[in-house]
Amino acid sequence: MSAVAEQAARRRTFAIISHPDAGKTTLTEKLLLFGGAIQMAGTVKGRKASRHATSDWMALEQQRGISVTTSVMQFPYNGCIVNLLDTPGHEDFSEDTYRTLTAVDSALMVIDAAKGVEARTIKLMEVCRLRDTPIVTFVNKLDREGRPPLELLDEVEKVLGLQCTPITWPVGMGRDFKGVYHLLEDRFYLYSGDKHRISEIETVDGLMNPAVAERFGSVYQTLRDEIELLQMAGTEFDLEQYRAAKQTPVFFGSAISNFGVRELLNGFTQWAPPPLPRTALVAGGEQTVPPGGERFSGFVFKIQANMDPKHRDRVAFLRVCSGIYRRGMLLHSVRLNAPVRIANALTFMASERETVDAAYPGDIIGLHNHGTIAIGDSFSEGETLRFTGIPNFAPELFRRVILKDPLKAKQLNKGLDQLSEEGATQVYRPVSNNDIILGAVGVLQFDVVQYRLKDEYGVDCVFEPVQVHCARWIEADTATQLEAFVDKNETRVAKDHYGDLVYLASSAVNLSMTQERFPDVRFLDTKEHG
Ligand code: G4P
């Protein structure tokens, strides 16, 4: 095996998907503890945006240096190099999450045992299904009363269409929680209730072991009955089915007590897929790019401006798809068709940003960006190959930007352009006037943009409602058709940050009438980046 292929085979690149409050932050922290990436619980500052008011979120973001370094976390475990990509909790940032999911090879789904499958999990699973992303499931909070485990699995199967195959099974729950039974090992891991324990966990072998029956008391018979039912159902773990995203191995535990997490991580690192070949567009068609290929390639799935207040930089997050990134190497930007020298790429250990000497397929590196890198950009060593499938969503909320100090127009434009490069909000400039219209998927994004314009660019502005119902990118087979459309609809056509034409419909009726009147024009609600 080549050195690249060998390194690629060790990588496990994944994200955690869950509904807010299910325990993603807590679990992340415990995974990092086991991975030796942090020494102390309480180090990971979750993106608590999901549960706090906007103002709290702003304050939190001021500690950006801390919160954002946790957006990619790398640690070694079991001979693997694990790359955990964080996704924002708040649904107003869902675009960011969707794009991050294009950069992973698998996902870990966290479910609250009391709540089961919740709305946001369903949405995120839809995104995972687009790429058949394999899912490992962790049912969390067994230290509290929850719903019967069989019922939870039934719900996952029915609602998410994933066949469940339990790897561990809870013994009791809430006050009666005794631990988990590992079905593949025929071993019990016993729960002590000690929240800070990460090393020694008492184990006992054998479901039929009489010592176990005595120890567990009344919950033992329930366990036996449940295991019998599971065995009758006969859904054994099948690696191929899991990798095909048809089956999900399920673990039970309590993230806050560090319980069941090690078993989860062991199973995860053993089964989760290493980087898979990816499809790219090349001249004349498509090409499969194997991770073991010697030539470097990768794509940018996220851009974040001013990550570190001390550096005032913009960082583009690139997922390596093949070959090796080496420090100081000249990368070819496929979109610009030009070389870009990457001075120092960053790697993301849990607690700090470090300069990276080498990165392999599956790894994420941070590239300092001075405006030449956009979301969806592919990089290579000169080959013209473009990775696809990184979506740009049409926003659903719109505001007109009113600048308080007209002399700050230049800073305003710069700020808006940089923030829109992050993909969090979109900027539209109508072709017939000097308005600036912002589009976002969630209302919190407007507050964030307003705050950051002031904080990072010194620009005071307010946003006012504008008569826009939705934005659709427009395309036609010929330039003449498109020009004719723009001519007739000048007041409602704008350009996005990349100069692509967008139709800003005033209402749903307006959109459908316009579509009928101009059958040659295509109205698209997503645009491929890159
Ligand atoms: P999130 O990132 O998915 O939004 O969830 P997070 O980890 O922040 O957890 C949400 C709440 O659930 C937190 O409580 C957390 O302590 C609790 N939690 C997480 N895992 C477990 C578990 O295994 N058992 C129990 N009983 N609780 C768990 P909080 O009170 O909202 O916040 P905090 O003050 O404890 O941080």
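The values are calculated or read from the model by the stated rules, or taken from the named source; none is laboratory data. Bear in mind the structure is a predicted one, so any value in this text is a computation, not a measurement. So basically every Cβ, Gly included, is an ideal-geometry build from the backbone, and we count neighbours across all protein chains shown. Side chains are part of the model used for accessible areas, which takes the heavy atoms of the whole protein and leaves out ligands, DNA and RNA. Shrake-Rupley method; radii C 1.70, N 1.55, O 1.52, S 1.80 Å.
Worth pointing out:
- Close amide-amide hydrogen proximity is noted between LEU385 and no other residue 5 or more places distant or on a separate chain, at a cut-off under 5 Å (H modeled in the peptide plane; Pro and chain starts excluded).
- Ranking TYR98, TYR428 by solvent-accessible area of protein heavy atoms (1.4 Å probe, all protein chains present), from largest to smallest, gives TYR98, TYR428.
- Amide H contacts of MET173: LYS178, each under 5 Å away and 5 or more positions distant or on a separate chain (H built 1.01 Å from N in the peptide plane; Pro and chain starts excluded).
- Calculated [θ] (222 nm, deg cm²/dmol) that DSSP helices of n ≥ 4 give over the chain, each run adding -39,500 (n - 2.57): -8500 deg cm²/dmol
- Once C-alpha pairs closer than 8 Å and six or more residues apart are averaged by separation and normalised to the residue number of the chain, the relative contact order reads 14 percent.
- For the chain, the percent of C-alpha pairs falling in each 10 Å distance bin, counted from 0 to the bin holding the largest distance, reads 4, 17, 26, 25, 17, 8, 3, 1, 0.
- Here the chain has 49 percent of its accessible surface on carbon and sulfur atoms, given a 1.4 Å probe and all protein chains in place.
- Per-pair calculated FRET efficiency, R0 = 41 Å: THR279 and GLU200 via Cβ, rounded to 0.05: 0.35
- With Cα atoms, 0 to 90° folded angle of helix 444-457 axis to the chain main axis: 70 degrees
- Cα-based helix-to-principal-axis angle, 24-34 vs the chain, degrees rounded to 10: 60 degrees
- Amide H to amide H distances under 5 Å link GLY376 with VAL300, PHE301, LYS302, where only residues 5 or more positions off or on other chains count and H is placed in the peptide plane.
- Distance between region 112-158 and region 9-25 - C-alpha centres, whole angstrom: 13 Å
- Restriction of the GluC sites (Glu not before Pro) in region 228-265 to DSSP coil positions whose beta-carbon has at most 15 other beta-carbons within 10 angstrom yields GLU236.
- When both bridge partners sit in the chain, DSSP labels roughly 75% of those beta bridges antiparallel.
- Take the chain with all the other protein chains still there, run a 1.4 Å probe, and you get 42 Å² of accessible area per residue.
- Sites matching trypsin sites (Lys or Arg not before Pro) across region 353-460 that sit in DSSP coil, with at most 12 neighbouring C-beta atoms within 10 Å: LYS404
- Helix 261-271 axis, angle to the chain major axis (alpha carbon atoms, nearest 10°): 70 degrees
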